[in-house]
1. Using 0.36 nm times the number of residues separating residue 454 and residue 392, minus their current alpha carbon distance, what extension gain do you get?
2. Ranking request for peptides 106-118, 471-483: highest mean number of other beta-carbon atoms within 10 Å first, then the rest in descending order.
3. Using Cα pairs under 8 angstrom and six or more residues apart, how large is the relative contact order of segment 33-173, in percent?
4. PRE reach from residue 54 (point 7 Å along Cα→Cβ): which of segment 142-173 fall under 17 Å by backbone N?
5. For residue 298 paired with residue 203, estimate the spin-label separation in nm (one decimal), with each label point 7 Å from Cα along the Cα-to-Cβ line.
6. Roughly how many nanometres apart are two label points built 7 Å out from the Cα toward the Cβ at residue 328 and residue 108?
7. Length gain on complete extension for the stretch residue 467 to residue 402, per 0.36 nm per residue less the alpha carbon to alpha carbon distance?
8. Along the Cα-to-C-beta direction of residue 283, a point sits 7 Å from the Cα; which residues of segment 216-232 have their amide N less than 17 Å from that point?
């Protein structure tokens, strides 16, 4: 019988048989030198009958950033935990739902080497020796033609014990298409949709999606989904800056299950969790890296402790979580490019998110309480002594006052009816604006009714009517201005809020005019006492100046409302 050494020498004389032995020994005995390109697609070690472990892996894949632009460099590490180690590994970056390696690695660790997979140089990473390792790192360079990615790894503790399908956090590509908002009909109601990229659905792996559907009685059905291994959240904001935002979070709890949370953010700190309140959770899921949930909320959406409205910028974001606690999202949230109305979607998808009837409501209130009402009050208080002529048996100043105030009341009533018909009842989402508007409507209607029953000039109780009439007018004016400010705040879709500032400028202009007219009135009274013969009508000049400024501010605000 030949000895083993003689047999080995005979085998080596046959090149084909020797080549078979080399391949067989590499396949069965492993790849101690890390040259494992043959498993680029499966990432599964060819170790005979060995199977991957199903217990939690003592290894973790970590990254230096969870978002990237083309050309960015991300440090990725494979680390052993709890005192364990690994002899070999295989690491790739793959697109979500992808099956091939993307990007390229730059070596920074002597225990690592790059491999060519799918004819792409440096697209994969492996070991160079079979020594025990606790950590290896490399630099991954992001390509220009890929969406969201995840690092996948296989780690070998020894020849027969290994774990596959190790994954890092999802890395979000910052070069996504622009956000898209739209509306669709369904079940007799409209659904507002916010998606990135445009037109995608929750069934698409790379889609970030949020929708809301009004169910009546201030109830909304919300859906959201997106790639995340921690949470996905939607926020309702008055502007495009985080802070004072109402938030709903769909994320992993401490047990790893998906749950819905309600929160409120102040500044850029971690949102404060609130009681879930009137929320009915319909479904939650986490599958292949995608978090989904749907729920019905009857909570009033509030962006400030003092105001509730129905027009918001919508934020949609994802981020990591630890033991059920959300962590800061690594990228800027997706934000609608305009305020949207989650109660009425008549203008969604066009150049404006504000229904035409709501614009008409705002325009009528501006005309009523910036111009006709203000000028009517000026005629009654300051022009009695200046205009002595009569018309139809009544002083002209009174006729002008009566006409202007009648137009003011009519405009207020029409504006009230328009918004009431549009909303189809009372909505708590209108908040303080609606409450103050109702008070203005009631007092405005009451003013001419009481004036109709005013006592004669000779009646000793006439002074009571005069004081009540004047004070009621001042209260209506103050409340109307407050309602206008709140209404502009609801409609404003510009981060600078220039319309609100313009309204503030008008209030200042009106205050200066009132001071000037009061000073002039006191001087006129003094001149009369001294039997002055001056015929200069300063109050008419001040009225003309006031009208010039009034029309300028009014025109600017009407243009602003038209652009909403």
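1. Numbers: separation 62, 0.36 × 62 = 22.32 nm, distance 1.95 nm.
Stretched out fully, the residue 454 to residue 392 stretch lengthens by 20.4 nm.
2. Numbers: 106-118: 15.5, 471-483: 17.2.
Peptide ranking by packing, descending: 471-483, 106-118.
3. Values: 353 pairs, mean separation 47.8, N = 141.
The normalised contact order for segment 33-173 reaches 34 percent.
4. Residues passing the 17 Å test: 161-166.
5. It is 3.3 nm.
6. The modelled label-to-label distance comes out at 2.0 nm.
7. Numbers: separation 65, 0.36 × 65 = 23.40 nm, distance 1.73 nm.
Fully extending the segment from residue 467 to residue 402 adds 21.7 nm.
8. Answer for segment 216-232: 221-227.
None of the figures in this text is laboratory data; all of them are computed from the coordinates on show. Since we're looking at a predicted model, the values are computed, not measured. Quick reminder, even Gly has a Cβ in these numbers, built from the backbone with ideal geometry, and neighbours come from all protein chains shown.
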